[in-house]
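Below you'll find the structure, written out as structure tokens, and then a few comments.
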């Protein structure tokens with residue numbers, strides 16, 4: 001059994017902004033919030049990864065950062081969305097108001113390098129987003145739909161200077177995320 005790894009941009013310092021957006025959904029039955037302190041943009045989910053592959057993975061990700069040609073940039077988070085649709089809500093997320101283009105370029109470069117290494121390719125288009133909650137059942141669906149349609153909250157700005165390899169450790173209170181590697185832009 002390997003380590004459950006993913007590649008991310010972490011929202012350092014924006015936990016309060018994420019929590020404030022989550023508060024707009026309080027009372028939505030069936031919606032489970034993520035820990036605002038762990039909020040991040042997933043550039044690539046790698047899944048169970050043999051620890052012996054970490055060095056190669058780190059080298060490839062460093063190359064991916066070079067491929068993307070993205071210098072440190074500012075990203076502004078705000079607005080709301082859902083996957084897969086408002087009729088059937090699985091995930092509630094906050095989007096980007098700026099910086100999405102750079103995040104997409106990083107994702108595409110990471111995707112290319114990791115699929116060449118044999119990791120599974122993404123089966124859907126990349127949308128830069130920060131998951132803030134997951135729907136377990138549709139009890140609070142109407143409230144969620146209303147908020148997503150009518151609210152356009154701001155979360156804050158982030159200076160993106162690195163991407164990180166994170167390990168998801170599943171515990172009794174949900175996952176915690178440990179940083180395994182940092183790759184500067």
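The values are calculated or read from the model by the stated rules, or taken from the named source; none is laboratory data. Predicted model only: the values in this text are computed from it and were never measured. Here Cβ is always computed from backbone atoms with ideal geometry, including for glycine, and neighbour counts include all displayed protein chains.
Mind checking which residues of region 81-107 are part of a strand (DSSP E or B), more than 14 Å from the chain's Cα centre (by Cα) and surrounded by fewer than 22 Cβ atoms within 10 Å (Cβ to Cβ)?
Listed by number, the residues that qualify are 84, 90, 97, 98.
Every condition in (1) surrounded by fewer than 19 Cβ atoms within 10 Å (Cβ to Cβ); (2) outside any strand (DSSP E or B); (3) touching a helix residue (DSSP H, G or I) at 6+ places or on another chain (Cβ under 9 Å) is met by residue 114 except one, and the failing one is (1). Cβ-Cβ distances below 6 Å connect no pair with a first residue in region 151-164 that is touching a residue at least 24 places away in the same chain (Cβ under 8 Å) and on the phi > 0 side of the Ramachandran plot, a second residue that is in a strand (DSSP E or B) and surrounded by 14 or more Cβ atoms within 10 Å (Cβ to Cβ), and a separation of six or more residues or different chains. Restricted to region 36-75, and to residues there that are in contact with a helix residue (DSSP H, G or I) (Cβ under 8 Å, 6 or more places away or on another chain) and in a strand (DSSP E or B), the residue that is surrounded by the fewest Cβ atoms within 10 Å (Cβ to Cβ) is 73.
Taking the conditions exactly as written (within 25 Å of residue 20 (Cβ to Cβ), modelled with pLDDT of 95 or more, surrounded by fewer than 19 Cβ atoms within 10 Å (Cβ to Cβ) and in contact with a strand residue (DSSP E or B) (Cβ under 7 Å, 6 or more places away or on another chain)), does residue 146 satisfy them or not? Judged against the criteria, residue 146 is not a match.
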